[in-house]
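The values are calculated or read from the model by the stated rules, or taken from the named source; none is laboratory data. Predicted model only: the values in this text are computed from it and were never measured. Every residue, glycine among them, receives a Cβ derived from its backbone with ideal geometry; neighbour counts consider all protein chains shown. Accessible surface is based on the protein model in full, side chains and every heavy atom, while ligands, DNA and RNA are left aside. Shrake-Rupley method; radii C 1.70, N 1.55, O 1.52, S 1.80 Å.
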Amino acid sequence: QYVTDVRQLQKRIQESEEAVQFINKEEELFKWELTKYPELDKLKVNIEPYQKFFNLVLKWQRTEKRWMDGGFLDLNGESMEAD
């Protein structure tokens, strides 16, 4: 659930960045001072550790399930150590 929520938030951040680019382009045409959005940059920086952590946990859950519930002969020690 957390991974899905973070991905949705990242999508909304991307959409916001596109809107900011459009607004700044319009401001350039009118020769106005460009508006800065520092909160958007802070949000991107602050969400990054959570995104990495949630993806790592999801990867671990999937890998652990394959290791514990999968076929014993399908296990490869070298790839398991790398994972």
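For the reader, a short list of remarks on this structure follows.
- Of all residues making up region 1-42, the number that are under 30 Å from residue 61 (Cα atoms) and of a type outside the set (D, E, K, R): 10
- Being open to solvent by less than 100 Å² (accessible area, probe 1.4 Å) and either at pLDDT below 85 or part of a helix (DSSP H, G or I) (or both) is a property that does not hold for residue 28.
- Identity of the residue in region 23-50, among the basic types (Lys, Arg) and within 17 Å of the chain's Cα centre (by Cα), that ends up farthest from residue 10 (Cα to Cα): 42
- Test: residue 31 is without any contact (Cβ under 8 Å) to a residue 12 or more places away in the chain and on the phi > 0 side of the Ramachandran plot: yes
- Residue that is modelled with the highest pLDDT, among those in region 51-65 that are of a type in the set (Lys, Arg) and within 17 Å of the chain's Cα centre (by Cα): 52
- Note on region 31-66: among residues that are of a type in the set (Phe, Trp, Tyr) and not in a helix (DSSP H, G or I), the one that is surrounded by the fewest Cβ atoms within 10 Å (Cβ to Cβ) is 32.
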